[in-house]
Amino acid sequence: MLDICLLNGITEFQEENRIRVFQESASFINGVLVNLDENLLLREPPTGLMILASILEQKGYSVDIIDGSILQNPRDYILENAHKYRLIGITGLTNTFNDILQTANLIKKQYPEIFMVMGGPHASFEYEKILSQNPEIDMVFIGESENSFPWVVDKLLHAPILDFVEAGNSEEIKETLNSPGKIHKLFTTIDSKDILPKGISYNTNNNAQSPDELKRVIYTGFPEAINLSELPLPARHLISRIYSVADVIINRGCPNKCSFCSRTHLFPLMRIRPVKQVLKEVEYISSCANYKFVNFYDNININHRYLNEFLDGLISQKFSLPWGAELRADVITKDEALKLKKANCKIVATGVESASEEVLKINFKFQDPSRVAEGIKIFKEVGIAVQAYFVIGLPGDNWDRFRTTLKFVESLNLEGGIDRVEFFTATPYPGSDLAMNGEKYGIKILNDNYSEYDCRTIIMETQTLISSDIENMIKEAHSLKKKLNL
C-alpha cells in the first residue's frame, strides 16, 4: 500500500491528425504508454500536481502520479490499481470532468475505505454542485492548495505508511482508512488550536439521503495566495519518461480581466516566480534526456525587467532546448525579440481574440490590434514562429467585426507550415466572467453539458449572434486557415 495517488484525467488530443498518429504509433505495456511517434510531442501532467507531490514527499508520504492521457484504458487501469492507495486526489479539465466523476464513483463503490478528493480550476468553481450531487467525493480543494491539501492529508492519514511500519504499528493503518461520516466527524471535533485552512469544502453528512438529514456543504473560504518562492520544484522524477514537453510556470494570476478566462478569479493576486528558481527548474529539465521542448507560462513579458533578466539567465546558462512561451505581442520590442531569439525561443503564442477594438473593450481585453500586428511583425523579422489565437462568438461581435478580424489575419503575412492561427469558440467556462455574470454580457447559454465545453462546440449565443451565425463564422475561419495553410 502507498499513501497517495494524484490522478490527472485524460487531456484530449484536439486535432484529428494528432489523434490518428497517436493511435497508429502508440504502444503500451501493462496498459501504460511506453512508445510514441517521435514527432508527436507529449506534454507532461499539470505542474500543480507535481508540486503537490513534492510537498507531500518532503513530509514523508509515498506518492504516485497517474496521468489518464498515457493509459490505454484509463478507467480499467485506475480501477485495477486504486486499492494501493489510502487517498486519491483527482483533477481534470471541464470537458473531461463528467468522465472523471464516473471513474471516482466506480472507485468509491469498490473501495469505500479510500479518501476521494478533488481539486483544480473546474472543481474550484463547481465545488458545491460536485459535493451535493456526488456523495463519492469526500472533499474539494478550492484554488491554490499547496497549504490546504498537505494539512488535510496529515489530519486524514495521520502519518506516512512508512512511519507506521518503522514504529511496528502497521495494524494501526486500518484505523486511518475512510469510513462513513469520518471527515465531518473529524473536522467538527478537531482540536481548537487547529483552525481549518481556507480553500476546502466538504459535506456535513456525506450519507444524507434527504434534505431532512441536514446534508449541507461546508466551505472554509477562498485561500490566500501562495508565496511562489517557497514552493519546491515539481516532482518530475515521479512521472514517465515518455513525456517530451515540459511546462514551466513563470507566474500565477493575470493583470487582465478577459471575460472568457477564469484565471483572474482562480488566482486573484498576480505573482511572478523568482528568476533564480525558474532557472534552477530549467537546469533540471535540461538534465533529463526525454525532454525535447519547453513551454513557459503565462505571459512572460508582463514585466519587461523580469523578461530581460529571465532571458539573460537562459543565455548565460546556455540553455539549448528549443522553447516557446505565451506573451503579449502588443508590448514587445525589437530588442526583446532579438534576445528571445538568442535565448533559443522558437515560437511564441499570443491571444489576439479579435481585431475589433469594440469587441475587445466589451470583453475587457485591453490591447490595440494595430500594436499586436506590429509585435507579430517584429517576431517574424527576427525569425520566431507565431501562434495567434482568436475567439469566435464573443459578446459584441457581429459579421462586420468578424470579417475585420479575418482581414486582420490575412494582413499578418504569416508563413504557412511555420506559423499557426487557431480559432476557438467562445465558451463560458466555470469561473469566467461570462459564466458568473452572463446577464452583464447579454449571453444565452445553450448547453450545460460540460463534456461539450471544448472551445469547438457552440455553447452560447449573444445579442448579436445566434448559433447559426457562429457556425457559419467557424466555417469561414477554417476556410481561411486552409487557404493560408495555417
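Checking the condition of a type in the set (Val, Ile, Thr) and crowded, with 19+ Cβ neighbours inside 10 Å, which residue from Ile418, Ile466, Ile392 passes?
Working: Ile418 fails: crowded, with 19+ Cβ neighbours inside 10 Å; Ile466 fails: crowded, with 19+ Cβ neighbours inside 10 Å.
The match here is Ile392.
So, in region 285-337, of the ones that are in contact with a Pro (Cβ under 9 Å, 6 or more places away or on another chain) and not acidic (Asp, Glu), which residue ends up nearest to Cys258 (Cα to Cα)? Outline the logic, then answer.
Initially, region 285-337 is screened for residues in contact with a Pro (Cβ under 9 Å, 6 or more places away or on another chain), giving 292-294, 299, 302, 330.
Adding the requirement that they be not acidic (Asp, Glu) leaves 292-294, 299, 302.
Details: Lys292: 32, Phe293: 29, Val294: 26, Asn299: 14, Ile302: 15 Å.
The residue in question is Asn299.
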Practice item. Tell me which of these Ala123 doesn't satisfy, since it passes every other one: (1) in contact with a strand residue (DSSP E or B) (Cβ under 8 Å, 6 or more places away or on another chain); (2) in a helix (DSSP H, G or I); (3) under 30 Å from Leu36 (Cα atoms). Key: (3)
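Is it the case that Phe125 is at pLDDT 95 or above and either in contact with a His (Cβ under 6 Å, 6 or more places away or on another chain) or of a type in the set (Phe, Trp, Tyr) (or both)? First the steps, then the outcome.
Numbers: at pLDDT 95 or above: yes; either in contact with a His (Cβ under 6 Å, 6 or more places away or on another chain) or of a type in the set (Phe, Trp, Tyr) (or both): yes.
Taking the combined requirement at face value, the residue satisfies it.
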Review point. Any chance region 7-15 includes a residue that's without any contact (Cβ under 8 Å) to a residue 60 or more places away in the chain and surrounded by fewer than 23 Cβ atoms within 10 Å (Cβ to Cβ)?
Key: yes
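So, in region 144-192, how many residues would count as being over 19 Å from Glu113 (Cβ atoms), at pLDDT below 95 and part of a loop (DSSP other than H, G, I, E, B)? Give the steps one after another, and end with the answer.
Keep residues of region 144-192 that are over 19 Å from Glu113 (Cβ atoms), which gives 144-151, 162-163, 166-168, 188-192.
Still in the list and also at pLDDT below 95: 162-163, 166-168, 188-192.
Subset that is part of a loop (DSSP other than H, G, I, E, B): 167-168, 189-192.
Looking only at that region, the number is 6.
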Point to revise | Test for Val348: is it more than 14 Å from Lys380 (Cα to Cα), of a type in the set (A, V, I, L, M), in contact (Cβ under 8 Å) with a residue 24 or more places away in the chain and touching a Gly at 6+ places or on another chain (Cβ under 9 Å) | key: no
**Study point:** Ile100 vs. criteria under 23 Å from Val153 (Cβ atoms), assigned to a helix (DSSP H, G or I) and touching a residue at least 24 places away in the same chain (Cβ under 8 Å)
**Key:** yes
Revision key, fill the gap. Among Ser132, Ser145, the single one that is assigned by TED's automatic domain parsing to the domain that holds Ala82, in contact with a strand residue (DSSP E or B) (Cβ under 9 Å, 6 or more places away or on another chain), among the polar types (S, T, N, Q) and more than 18 Å from Ile88 (Cβ to Cβ) is Ser132
Review point. Cβ-Cβ below 6 Å, separation at least six or inter-chain, first residue in region 228-247 and in contact (Cβ under 8 Å) with a residue 60 or more places away in the chain and farther than 17 Å from Val63 by Cα, second among the basic types (Lys, Arg) and part of a loop (DSSP other than H, G, I, E, B): which pairs?
Key: Ser244/Lys292
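Taking region 337-367 as the search range and keeping residues that are in a helix (DSSP H, G or I) and more than 28 Å from the chain's Cα centre (by Cα), which one is farthest from Gly396 (Cα to Cα)?
First, pick out the residues of region 337-367 that are in a helix (DSSP H, G or I): 337-342, 357-362.
Now drop any that are not more than 28 Å from the chain's Cα centre (by Cα), which leaves 338-339, 342, 357-358.
Details: Leu338: 37, Lys339: 38, Lys342: 40, Glu357: 10, Glu358: 7 Å.
If we take residues in region 337-367 being in a helix (DSSP H, G or I) and more than 28 Å from the chain's Cα centre (by Cα), then Lys342 is farthest from Gly396 (Cα to Cα).
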Point to revise | Answer residue from region 240-272, given it is out of contact with any Leu (no Cβ under 9 Å at 6 or more places or on another chain) and within 30 Å of Val32 (Cα to Cα) and is surrounded by the fewest Cβ atoms within 10 Å (Cβ to Cβ) among those | key: Arg241
Review point. How many residues does region 76-94 hold that are in contact with a Leu (Cβ under 7 Å, 6 or more places away or on another chain) and without any contact (Cβ under 8 Å) to a residue 60 or more places away in the chain?
Key: 2
Practice item. Give the residue, chosen from Tyr77, Tyr61, that is closer than 30 Å to Phe164 by Cβ and assigned to a loop (DSSP other than H, G, I, E, B). Key: Tyr61
Practice item. Determine whether region 321-330 contains at least one residue that is in contact with a helix residue (DSSP H, G or I) (Cβ under 6 Å, 6 or more places away or on another chain) and buried (at least 16 other Cβ atoms within 10 Å of the Cβ). Key: yes
Check your understanding: Failed condition for Ile384, given (1) of a type in the set (A, V, I, L, M); (2) surrounded by 18 or more Cβ atoms within 10 Å (Cβ to Cβ); (3) closer than 14 Å to Lys481 by Cβ, with all others met?
Key -> (3)
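Scan region 24-40 for residues that are loosely packed, with under 13 Cβ neighbours inside 10 Å and either part of a strand (DSSP E or B) or at pLDDT below 70 (or both) and jot them down. Walk me through how you get there before you give the answer.
From region 24-40, those loosely packed, with under 13 Cβ neighbours inside 10 Å are 24, 27, 29-30, 35, 38-39; that's our starting set.
Scanning region 24-40 gives Ser27, Ile29, Asn35.
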Point to revise | Failed item in (1) part of a helix (DSSP H, G or I); (2) in contact (Cβ under 8 Å) with a residue 40 or more places away in the chain; (3) within 22 Å of Phe187 (Cα to Cα), with Lys108 passing the rest | key: (2)
Exercise for review: State whether one or more residues within region 71-94 are surrounded by fewer than 22 Cβ atoms within 10 Å (Cβ to Cβ) and either assigned by TED's automatic domain parsing to the domain that holds Cys455 or under 15 Å from the mean Cα position of the chain (by Cα) (or both).
Suggested key: yes
Check your understanding: Within region 55-66, is there a residue that is in contact with a Leu (Cβ under 8 Å, 6 or more places away or on another chain), over 21 Å from Leu231 (Cα atoms) and not basic (Lys, Arg)?
Key -> yes
Practice item. Working carefully through the options Leu93, Leu87, Leu131, Leu101, find the one that is in contact with a helix residue (DSSP H, G or I) (Cβ under 8 Å, 6 or more places away or on another chain) and over 17 Å from Ser451 (Cα atoms). Key: Leu87
Exercise for review: Could you pull out every one of the strands (runs of 3 or more DSSP E) wholly within region 208-303 that has 2 or more residues that are modelled with pLDDT of 95 or more and aliphatic (A, V, I, L, M)?
Suggested key: 245-249
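The values are calculated or read from the model by the stated rules, or taken from the named source; none is laboratory data. Worth saying up front: this structure is predicted, and the values here are computed from it rather than measured. Cβ coordinates were reconstructed from backbone atoms using ideal geometry, including for glycine residues, and neighbour counts include every protein chain displayed.
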